[in-house]
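See structure below.
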Amino acid sequence: MGMVKLDFLNDIDGYFNKLKMSIDKIDTTDINHFANVLLCHYENNSTIFIFGNGGSAATASHSICDFNKGVCLDLDKKFKFVCLNDNLPSILAYSNDISYDDIFLLQLKNFLTPRDLVIGISGSGNSKNIIKAIDFAKQTGSNTFSLCGFNGGRLKEIDPNNCIHVPSHDMQIVEDCHIVIFHLLMQCIYNYLHKQSI
């Protein structure tokens, strides 16, 4: 039985072109600022809490591997990333018994200190559980940082000076850009820390 060969080349080229244009619109000074924020909390032995929903949850979880292991496996000093969407029993318990909107906020109430960093990722910038957690962190005096897309939503409004905004209304493009940002930060910070250790 022969396979029908379909031509998706226009779709493929179109997606890549849209991705390249979206990457070019990201403010690289915001990424540089984020790198410095991460290094500051690394030097201070802070815990870095990170979380998201859906594809953003996957990006948050992915960052744990990249920073806790990838950046500093062979360094004495380690990053302390904790992903709040990785504990499924806690998420289900909070969601079932209280509210899905509180699944990250209530975990932060257990662990957060003013010296820590809280990173929220939301493609739309309007995920209620992300916004509530970031608001809580700011009220407790902790530092926060956000990654968003579309028009930035409420997340960008909360603290525009600590936010990386991907100006695209395509969720997959936004999520692609977010993971690229974490990968490039991993490499930048890896190179910096390993030069310091020589």
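The values are calculated or read from the model by the stated rules, or taken from the named source; none is laboratory data. It should be emphasised that the depicted structure is a prediction, and the values quoted were computed from it without experimental measurement. All Cβ positions, glycine included, derive from the backbone under ideal geometry; neighbour counts span all protein chains shown. Heads up: the accessible areas ignore ligands, DNA and RNA and are worked out on the full protein's heavy atoms, side chains in. Shrake-Rupley method; radii C 1.70, N 1.55, O 1.52, S 1.80 Å.
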Counting only protein heavy atoms and a 1.4 Å probe, tell me what percentage of the chain's accessible area is made up of carbon and sulfur. 54
Assuming a viscosity of 1.567 mPa s and a temperature of 4 °C, what translational diffusion coefficient in µm² per second does Stokes-Einstein assign to the chain, Rh being the Kirkwood radius over Cα pairs? 73
Computed FRET value (nearest 0.05) for I23 with Y100, which takes r as the C-beta separation and R₀ as 30 Å: 0.40
Extreme residue, positive dipole direction of the chain, given options N96, S142, S22 (C-beta unit charges): S142
Rel. contact order, % - alpha carbon contacts under 8 angstrom, at least six apart, the chain: 23
Determine how many Å³ per residue the convex hull of the Cα atoms of the range 44-129 encloses. 99
Just tell me which lysines come within less than 17 Å, Cα to Cα, of K109; anything on the same chain fewer than 8 places away is out. K128, K132, K138
So what's the back-of-envelope 222 nm ellipticity for the chain, counting only DSSP H runs of four-plus at -39500 (n - 2.57) apiece and dividing by all residues, rounded to 500? -16500 deg cm²/dmol
The range 77-132, dipole about Cα centre (Lys/Arg Cβ +1, Asp/Glu Cβ -1), debye to the nearest 20: 380
Stretchable slack from L39 to T140, in nm (0.36 nm times residue separation minus alpha-carbon distance): 34.2 nm
I'd like the orientation of helix 9-25 relative to the chain: the angle between its Cα long axis and the longest Cα principal axis, in ° from 0 to 90, rounded to 10. 40
What distance in nm separates the simple spin-label points at A58 and K5, each placed 7 Å from Cα in the Cβ direction? 3.0
Between H183 and R115, what is the label-to-label distance in nm when each label sits 7 Å out along the Cα-to-Cβ direction? 3.4
Just the number please: accessible area per residue for the range 97-169, 1.4 Å probe, all protein chains included, in Å². 42
